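The next block holds one structure in the form of structure tokens; read it before the comments.
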Amino acid sequence: MHLHIFIGGAKMKQCNFIFKNKTKSVLKLSALSLSLFLGLAGCGAQNSSSNSNSSSSKTNDKIIQAVGAENEYADVIKQIGGDYVSVTAIMSDVGTDPHSYESNTQDSEAVSKATLIVENGLGYDDFMDKLESSSSNSNRTVIDVAKSLNYGDDTKNPHLWYKPDTMPKVAKLIAENLESQLPDKKDYFESNLSKFNDSLKAFNDDLKQIQDSYAKTGIAVTEPVSDYLLEAANLDIKTPWDYQASVMNNTDPSPQNVKIQEDLLKNKQVKVFLYNQQAVDDSITALLQLAKDNNIPIVGVYETMPPNHTYQTWMQAEAESIIRALKDGISTEKIS
Ligand SMILES: [Zn+2]
């Protein structure tokens, strides 16, 4: 028997996530402290429930230890595994740029215990390979999303979770692994998998609305973060790829491409300007001002799943921000 007290989806999930404190501004720190407090409050209640149930030591044996290198993958493991998984998310801080993440001791502890790991691959989370090889475990399955879904090493855009068909495939792989670890819970995992797939409907409906009403509409971006979603919605990304790749890799875009990007905004050749909330420097700030000066609505997108969201509600919130921008010219810089 596994005793489970429901406190509320978001708080429960935060309990199992590692909190990181890498942000610099006081404002961000206080927001982080608040979420840490909420997370601990939830964990306290959860711990007391397991303490009161400590007589059955077998309970703990049935919990699968899992790691998601990114919190969106951790979220989906939790949604499929439910009561039978304890999940740690390695990258979960929207206040940092995931492309420059460095792992720590807590991460290596979580990896050493895990029998299921989901990581993105394509160089996005190379630190995982080091953590895994420093603690080998013959019972561990690593799902490298890029490899599992047959993306070649030459795939230029690593943000695979933005492609609408990625996460249903990953969820299926997660369910298969959990079923191999706990065969008698197969029906439970399958039922959670169905619920997960059903709950993507609102997001897919939003994509269809964009396809139906705004096909081939020109948009500009700073980085390829949400490009897979934009392509699936049949929007026309006017920003040159080389510009996007430079910004993603923290190198300077060429002056020619900078001019093209600025002209897209100055000449109102695009209907929306999307930027990466997690990577804003002076040049991006200047472009945001240029978009505002030209009445082009702005949409902020995230690489890391924002607090109080599931993967599905996050994707839905971004798609609906794009719809608001296209339909009513309204900006949505932050998802909360
Ligand atoms: Zn990125």
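Data table
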{"read-out": "Breaking point among (1) among the acidic types (Asp, Glu); (2) modelled with pLDDT under 90; (3) under 23 Å from Met315 (Cα atoms), for Asp61", "value": "(3)"}
{"read-out": "Number of positions in the stretch 132-161 that are away from the ligand (no atom under 16 Å from the Cβ), of a type outside the set (Val, Ile, Thr) and either out of contact with any Gly (no Cβ under 7 Å at 6 or more places or on another chain) or assigned by TED's automatic domain parsing to the domain that holds Asp206 (or both)", "value": "15"}
{"read-out": "Subset of the stretch 269-279 (residues that are away from the ligand (no atom under 16 Å from the Cβ) and farther than 21 Å from Glu320 by Cβ)", "value": "Gln269"}
{"read-out": "The stretch 236-260 residues that are under 15 Å from Val221 (Cβ atoms) and in contact (Cβ under 8 Å) with a residue 40 or more places away in the chain, paired with ones that are of a type in the set (Asp, Glu) and surrounded by 18 or more Cβ atoms within 10 Å (Cβ to Cβ) (beta carbon under 8 Å, 6 or more apart)", "value": "Met248/Glu223"}
{"read-out": "Test for Pro164: is it in a helix (DSSP H, G or I), surrounded by fewer than 22 Cβ atoms within 10 Å (Cβ to Cβ) and away from the ligand (no atom under 16 Å from the Cβ)", "value": "no"}
{"read-out": "Wholly enclosed helices (runs of 4 or more DSSP H) of the stretch 174-268 bearing at least 3 residues away from the ligand (no atom under 16 Å from the Cβ) and surrounded by fewer than 17 Cβ atoms within 10 Å (Cβ to Cβ)", "value": "186-198, 201-214, 255-266"}
{"read-out": "The stretch 114-131 - residue that is farther than 21 Å from Glu303 by Cα and surrounded by 15 or more Cβ atoms within 10 Å (Cβ to Cβ) and, of those, farthest from the ligand (Cβ to nearest atom)", "value": "Thr115"}
{"read-out": "Residue check, Asn295 away from the ligand (no atom under 14 Å from the Cβ) and either assigned by TED's automatic domain parsing to the domain that holds Leu122 or assigned to a loop (DSSP other than H, G, I, E, B) (or both)", "value": "yes"}
{"read-out": "Unmet requirement for Glu303, which otherwise passes all of (1) within 16 Å of the ligand (Cβ to nearest atom); (2) without any contact (Cβ under 8 Å) to a residue 60 or more places away in the chain; (3) not in a helix (DSSP H, G or I)", "value": "(2)"}
{"read-out": "Any hit, the stretch 117-128, residues being without any contact (Cβ under 8 Å) to a residue 24 or more places away in the chain and in contact with a helix residue (DSSP H, G or I) (Cβ under 8 Å, 6 or more places away or on another chain)", "value": "no"}
{"read-out": "Ala317 buried (at least 21 other Cβ atoms within 10 Å of the Cβ) and either acidic (Asp, Glu) or touching a residue at least 12 places away in the same chain (Cβ under 8 Å) (or both)", "value": "no"}
{"read-out": "Residue that is surrounded by the most Cβ atoms within 10 Å (Cβ to Cβ) [pool: residues in the stretch 78-93 that are touching a Leu at 6+ places or on another chain (Cβ under 7 Å) and within 19 Å of Asp198 (Cα to Cα)]", "value": "Ile80"}
{"read-out": "Residue check, Ile322 in the same structural domain as Ser213 (by TED's automatic domain parsing), in contact (Cβ under 8 Å) with a residue 60 or more places away in the chain, away from the ligand (no atom under 16 Å from the Cβ) and β-branched (Val, Ile, Thr)", "value": "yes"}
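The values are calculated or read from the model by the stated rules, or taken from the named source; none is laboratory data. All figures in this text were calculated on a predicted structure; none of them were measured in a lab. Don't worry about glycine lacking a Cβ; one is built from the backbone with ideal geometry, like all the others, and counts go over all protein chains shown.
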